[in-house]
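Below is one structure; the comments refer to it alone.
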Amino acid sequence: MASAAAAALTLRTGVLACRWMEPIADAELVRRISSGEDAAAAESELCRRFAPRVFLYGLKHLRDEDLARDLVQTVLLSVLVAARAGRIVDPSRADRYMLGASRNLAARMRDREARSAGDEALADLPAPLPDDGVADPIELGALFRCLGRLEERARHIVMLSFQQRKPTDEVAARLALTPGNVRVIRHRAIAALRRCLDAASEALT
Amino acid sequence: MSPCPNQVAWSILVDYWADDLPDAEAEAVEAHVFGCATCAAESARVAAIGQTLRGLRSPVVTREALATLAAQGKRIFEDAFVPGDRREILFPADADLLIFRLSGLDLAGAEHVSFSLRSESKGELLVEIDRVPFERGEGSVLLACERHYASLPPDIVAELHIHEPAGERVATYTILHRFA
């Protein structure tokens, strides 16, 4: 727990990476953390890079934003501890190490007991990690308006697929379409929604 | 952020977030996204839509669902509208849900009821659902307004299409909603 607390302390030191004008490879960040050379800034930058990616993984597999945030903290903490101890064997594949940690910890978090165990480690992380890199939240009124602009069939497919989590085969059967048709309509509809939401967001700013 | 030479296609990302990729392909997407800031950002743009849609509760609820919510401690207020009504209504400061009871309907022979919400002033279609639950016995449809609906236009027209073997009837209700 002492090393976890030390890593947690490092996480709270703030974002220092901006003073680096050139992008630094993940492997170099891991090397600096391991060697102690400019380690605080390297840890900050590694967290800034990977927090959004771990969050997305958590969102997909844990289906809950709070759990996804817990996963971010647990994974980053475990990776920093491993990096400090020089236990990341191939630093050039830090992304794979991060993915592996995300898979393992997400699997454990699906189990309530494991989640409670993770909470103990999180007690050392009082400040939430930054959410930069994760898409801005969507304003509900804009979403309704953009949904309203979709063709009726496309809107139906989007709602069945996402809001009601219906499998593509079932959506296709309900609408007398092929699964391939459903996918094409859904890709286009989500792209149209994204454009519409981006335009709404730009209009606000 | 540098461009990705092997960018994951938008269509693949949509399938991924719709849970419509085989496991091996989904794992390949994850492996790529973990190593690529550009694709991670693009994936986040799809995820944001999927996640928001999943969080949407249907605006039309059943009596049974309301009873469950009330048992969970939700503070629920209710106000009845009859067809043709056009009036202002205040969402109380201490309410979790405000139910607009769209009443005055004969639903004894209804096969199904479809529902839409439009902005009265702009005519803009906000929500359209082809089949909504309805209360046959009490002759009503229960429209649940939540506080985040404050982002909707303040003048909404709820339209019900009652589909019966003999044809279709339409009822409209204009709700000028305000929030305390």
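General remarks:
- Inter-probe distance in nm under a simple model that places probes 7 Å from Cα toward Cβ, at residue B:80 and residue B:176: 2.3 nm
- For a paramagnetic label modelled on residue A:204 (point 7 Å from Cα along Cα→Cβ), amide N atoms under 18 Å away belong, within region A:137-167, to A:137-149.
- Estimated FRET transfer efficiency when R0 is 35 angstrom, pair residue A:153-residue A:27 (beta carbons, to 0.05): 0.10
- Length gained when the stretch residue B:89-residue B:56 is fully extended (0.36 nm per residue, less Cα-Cα span): 9.6 nm
- The angle between the Cα long axis of helix B:37-55 and the longest principal axis of the Cα atoms of chain B comes to about 20 degrees, rounded to the nearest 10.
- Across region A:79-85, coupling constants 3J(HN,Hα) worked out from phi with the 6.51/-1.76/1.60 Karplus curve, θ = phi - 60°, read 5, 5, 4, 5, 5, 4, 7 Hz, and Gly and Pro carry x.
- Residues B:124, B:168, sorted so that the one with the fewest Cβ neighbours within 10 Å comes first: B:168, B:124
- Bridging of residue A:166 to lysines at a Cα separation below 24 Å is possible for A:60, once same-chain residues fewer than 8 apart are set aside.
- Sparsely packed loop sites in region B:100-180 (the trypsin sites (Lys or Arg not before Pro) outside DSSP H, G, I, E and B with at most 16 other Cβ atoms within 10 Å) comprise B:122, B:136.
- Placing +1 on the Cβ of every Lys and Arg and -1 on the Cβ of every Asp and Glu, with no other charges, gives the protein assembly as shown a dipole of roughly 300 debye about its Cα centre.
- Cα-centred dipole magnitude for region A:20-78, charges only on beta-carbon of K, R (+1) and D, E (-1), debye, nearest 20: 220 debye
- Label-zone membership for region B:110-154, site residue B:67, 7 angstrom Cα→C-beta point, backbone N under 20 Å: B:133-144
- Under-5 Å amide H pairs with residue B:126, H placed in peptide plane, nonlocal only: B:117, B:118, B:119
- Secondary structure note: in chain B, about 75% of the DSSP beta bridges are antiparallel.
- Chain B, relative contact order in percent, only Cα pairs under 8 angstrom and at least six apart counted: 22 percent
- Note, ³J(HN,Hα) from phi for region B:11-22, Karplus 6.51, -1.76, 1.60, rounded to Hz, x at Gly and Pro: 4, 5, 5, 5, 4, 4, 6, 8, 6, 10, 10, x
- Separation in nanometres of the label points that stand 7 Å from Cα toward Cβ, at residue B:111 and residue B:96: 3.8 nm
- Nearest-0.05 FRET efficiency for residue B:23 and residue B:161, computed from C-beta distance (R0 51 Å): 0.75
- Dipole of region A:35-107, positive direction: furthest Cα of A:81, A:61, A:101, with charges on the beta-carbon: A:61
- On Cα atoms only, tilt of B:23-34 relative to the major axis of chain B in degrees: 70 degrees
- Bridges between two residues of the protein assembly as shown, per DSSP, are antiparallel at a rate of about 75%.
- For residue B:10, neighbours were defined as the other residues whose beta-carbon sits under 13 Å from its Cβ, and their charges (Lys and Arg +1, Asp and Glu -1) total +4.
- Separation in nanometres of the label points that stand 7 Å from Cα toward Cβ, at residue A:90 and residue B:7: 2.8 nm
- Our coupling estimate for region B:90-100, obtained by passing each phi through the Karplus curve with A = 6.51, B = -1.76, C = 1.60 and θ = phi - 60°, is 9, 7, x, 4, 9, 9, 8, 9, 10, 9, 8 Hz, Gly and Pro reported as x.
Each reported figure results from applying straightforward, stated rules to the coordinates on display, with no laboratory input. These numbers come from a predicted model, not from an experiment. In this analysis, Cβ positions are derived from the backbone assuming ideal geometry, glycine residues included, and neighbour counts consider all displayed protein chains.
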